[in-house]
Amino acid sequence: MPRAIFLDRDGTLNEETMYAHRIEDFRLLPGVIEGLQKLRDAGYLFFIITNQSGIGRGIFSEKEMHRFNDHLLSVLKQEGIRIEKVYFCPHHPEEGCDCRKPSPRYVFEAAKDFSIDLAGSYMFGDHRSDMLLARNAGIRSVFLLTGHGKEEFDRFGKEMSVDFVAKDLGEATGWVLDDNKRS
């Protein structure tokens, strides 16, 4: 069974901008390509799980989000990195849906659809909700200090149960590869 890396999008892969949706504002974070290539070479599949409340708030359309995602996927594909699927929650946080992180719904859908070994899988993200998602899904959590990570860690660090805190995706990659050797 393949293992997976579940990735938050904004602040984890690309620079965090207020409701990122414009291609002209897209900037990949340093170390993302190299880190994902090493994880790919180690046999991981990649999935993006992202809350996109800007849709529910009327700030941008689902079509604009898909265009942004397509651009991100194209940039990664040029570097030999394939994202198996992008899962997104378009709802306003107060809608009470079952797909918004920290719900594990999309992790479980990916596990079923792609026969993922959850015991060997990880969630990378820069928000408390990403870490809660990992806990709810029973996968390891890697908290990144990129994007909103520093502020989130200052605010919630003591109450977050995480497996590893990394300065960026490159450091997270090194830890995951070492963690595999320990397992």
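Some points to look at:
- If you check I139, I81, I59 for being surrounded by 21 or more Cβ atoms within 10 Å (Cβ to Cβ) and either touching a helix residue (DSSP H, G or I) at 6+ places or on another chain (Cβ under 9 Å) or more than 25 Å from G170 (Cβ to Cβ) (or both), only one passes: I139.
- Residue in the stretch 14-28 that is surrounded by the fewest Cβ atoms within 10 Å (Cβ to Cβ), counting only those that are within 17 Å of S61 (Cα to Cα) and not aliphatic (A, V, I, L, M): E24
- Contacts under 6 angstrom Cβ, first residue in the stretch 1-17 being in contact (Cβ under 8 Å) with a residue 12 or more places away in the chain and polar (S, T, N, Q), partner crowded, with 24+ Cβ neighbours inside 10 Å and not in a loop (DSSP other than H, G, I, E, B), 6 or more apart: T12/F124; T12/G125; T12/L144
- Exactly one residue out of E109, E94, E64 is in a helix (DSSP H, G or I) and modelled with pLDDT under 95: that is E94.
- Filter result for the condition that a residue is over 26 Å from R40 (Cβ atoms) and either crowded, with 17+ Cβ neighbours inside 10 Å or of a type in the set (G, A, S) (or both), over E159, E152: E152
- Reported count of residues in the stretch 112-133, each being among the hydroxyl-bearing types (S, T, Y), buried (at least 22 other Cβ atoms within 10 Å of the Cβ) and either on the phi > 0 side of the Ramachandran plot or not in a loop (DSSP other than H, G, I, E, B) (or both), is 1.
- Options G35, G11, G31; residue that is closer than 21 Å to K167 by Cα, touching a helix residue (DSSP H, G or I) at 6+ places or on another chain (Cβ under 6 Å) and crowded, with 22+ Cβ neighbours inside 10 Å: G35
The values are calculated or read from the model by the stated rules, or taken from the named source; none is laboratory data. Since the model is a prediction, treat every value here as computed from it, not as a measurement. Neighbour counts are summed over all protein chains in view; Cβ atoms, including those assigned to glycine, are modelled from backbone coordinates with ideal geometry.
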